[in-house]
Every structure is written in structure tokens, then in C-alpha cells.
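First the structure, in the form of C-alpha cells, and then the observations on it.
The values are calculated or read from the model by the stated rules, or taken from the named source; none is laboratory data. Predicted model, so just to flag it, every value in this text is computed and none were measured. Using ideal geometry, Cβ is built from the backbone for each residue, glycine included, and neighbour counts are taken over all protein chains shown.
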Amino acid sequence: MSTLKATNIQHASAADPAIVLATNGSATANLSSINNLSSINSGQLGGSRNVIINGAMVVNQRGFTGTAGTTTNGAYTTDRFALNHSMDGAVSAGQTTMNSTVGGNAYADGFDSALHYRVTTADASLAAGQYAVIYQPIEGFNLQGFKKGTANAQQFTLSFWVRSSLTGTYIAELRDNDNTRFVSKSYIDTANTWEKKTLTYPADTTGVLDNDNGLSLFVFWWVAAGSNNAGGGTLGTTWHTTDANRAVGQVNLLATAGNDFFLTGVQLEVGPTATEFERRSFGDELRLCQRYFERGGVNFCWNVGVPNDIKVATSFAVVKRATPTTTFSGVLGTATAANASTQLISVFFSAQLNGNVAADWTASAEL
């Protein structure tokens, strides 16, 4: 085998080279067409590379904003991103709108929204079982391209923009919920600087992810970890089952009230290389989110007769992942109950107001 060394490849009649070779071994090509290309990074061509939903943090149906966001353990902040923690402190998380000053390099890369996580009450000394994470859960239907648990298993590449007020080592982890297996990667944050991180996780030939609408994978961004999750001595950078190796080296963001953590531009895709962030229209992103959570309203009015009991039904914008849990609040009349299928919601009223009934509702089919 021989090696041909050149700087450029150019047709004798062309004004510019077709391929420019860089000193680091990469190449830039000027191509008019590509034939017989079967994949990008072993994944499908075109869109739908990114299995993360709302990675640009643009959809915020619950309305949590900035430091006035949700403080509840298990609550969702921006759509599809949630909090999980056990601690003596307190935090708040919600959507923040960025500009060139606040957003820095992430804003310059086209991201004007982020998840903003702030420590409101410090916990400087974590007990063994205490921790705090931001996470997105992913259903099995959306993960089959990784071929996990098979002989053809693929690597996972996670990329995201992040900014923290506390310099240190942070952990981003994948947790296989079907088989209780973990793999983690660390990254270093420089204080108050937007940085793009790209982390590639190994393929796993053990543990098939269920091909259904259940929860199969978590993506965790750790912000604090007690010794139960960080005391093992060695970070588990290959797939493993040891809790104590999940977040070794994680800095304690909770140590000081006022510490901030921002996240946006999140992408998880098949293969060893991070491609450019997959930008979907707002409408498409909203519909993906509404599979798991939707809010809306019903109303009805009439001019003849006054019924004693009224049921008003409406179809969801998107079929839900599973039969949702519903909430409702009466706006006109007295709303007494609500029930739903995966396709529609019905609200029952026991009284009306001047021939009108109306109610706001939410439907949650979160994982």
C-alpha cells in the first residue's frame, strides 16, 4: 500500500480545487452531488438525527422563566427537560432569553433560549445519598438507531452548549433504564463562559433498549453528587452497573447560593462525530413536545334551554405517548371533572354561566 501526498486535488481545467487537504488530516470538498451515500455517522441522512427533543430550549409550555422557574423535584422546566434532586438546598430552573451579552458564543451560534438553573439555597456539604441533576428521558421508539445490545451497536455522541458560574469538572451521563446500565463522560467548565462540549460514548453490545413507548434512556447533566454516586474512585467511562462510579469528580454547584448553570443546543445522535445542530421549525418542535405534554382549553355556548350537565370534548393537537394525566380549571361555569384518551380530552361541567362554559386544561403523558 502506498500513500499519495498532496495539498489540493484540482481538475486541470478548473479554477479552484475540488478537495483541499488540511495538515491535520481532514479535507474540505466542493461537491456538486453525492451518489450512493448510505449514512451520516452510521445514522440516517437528512433530518431526525437528533433524538433530543427541544434541545434549543425554545418550547416552554409550562411558562417557567429564568430564576422564577420551578423549584419542584421531578418537575419539567422547558419542555422535555426536568429536575431530579435530593438535597438540603434549593434550586430554581426555567427558560431564559439570551442576547449577545448573556448568550456569548452560544448566541452567536444561533441559540437565543437556554435552560437557566440557579442555586437559591446552598448545600455545601452533601450527604452520601444526595445529588442534583438536569435530565431528559427518552422513549424506546426513538432510540432504535443506536442498535444497543446487539452485535451492531453504535456509539452515542452528545453535544451541547453550557455555561456555569463555577469552574470545575462536570459529568454528563447516559443511563439505560431498561437494563440499569450507565456510562459517563466528564467535561471542564470555565466560569461564566459559554463553551460547546462534544462527548462520544462507546457502543454497548449488552442490554437491548425496548422498542416501545416506555422510558428507555436518561441523559443526565450532573450538578452535584454525594459519595453514593461519586465515591467509587474511577469514573465509569465504559458501560457499567456501579452506582458509585457514575459521577466521580463532579463539582458541587450547590455549594454557594447564586451559582448558575445554563444549557442549550443539546443534540444526541448515532455515531462517533457530532454533526451541526439539527434545527427544526418551532411548529415541528412544539408537536414533538406535545406528544408528552399539552395545554389548551374548551368552550361551548348555546341560546336555547339550560342543560343541567354539560360535557365538552376536544381533540389533542398530537396523539399522546400514553393516556395522559389531566388537570382543569373552570373559566366560565363550574368544571367538575376531566378525562382523556390518547387522542382527546373531555371536560364535565355541572353549571353554566349565562349559557356559556369554558375551561383550561393540561394533559401530561411524560415518561
Please tell me if ALA93 is of a type in the set (A, V, I, L, M, F, W, C), surrounded by fewer than 22 Cβ atoms within 10 Å (Cβ to Cβ) and at pLDDT 95 or above. no
Given (1) at positive phi; (2) modelled with pLDDT of 85 or more; (3) of a type in the set (S, T, N, Q), index of the condition THR336 fails: (1)
Where residues in segment 149-185 are within 17 Å of GLY249 (Cα to Cα) and surrounded by fewer than 18 Cβ atoms within 10 Å (Cβ to Cβ), which of them is nearest to the chain's Cα centre (by Cα)? THR169
What residue, of ALA313, ALA247, is assigned to a loop (DSSP other than H, G, I, E, B) and either small (Gly, Ala, Ser) or under 19 Å from GLY94 (Cα atoms) (or both)? ALA247
Scanning for something touching a residue at least 12 places away in the same chain (Cβ under 8 Å), outside any strand (DSSP E or B), in the same structural domain as ALA93 (by TED's automatic domain parsing) and of a type in the set (Gly, Ala, Ser), does segment 207-222 turn up at least one residue? yes
Could you check segment 114-166 and list, in sequence order, the residues that are in contact with a helix residue (DSSP H, G or I) (Cβ under 9 Å, 6 or more places away or on another chain) and of a type in the set (Lys, Arg)? ARG118, ARG163
Any pair with Cβ under 6 angstrom, 6 or more apart, that starts in segment 348-359 at a residue that is over 21 Å from THR327 (Cβ atoms) and ends at one that is at pLDDT below 80: GLY355/TRP302
What pairs come up if the first residue lies in segment 119-133 and is in the same structural domain as ASP88 (by TED's automatic domain parsing), the second is modelled with pLDDT under 95, and their beta carbons are under 8 Å apart, counting only those six or more places apart or on different chains? THR120/THR67; THR120/THR71
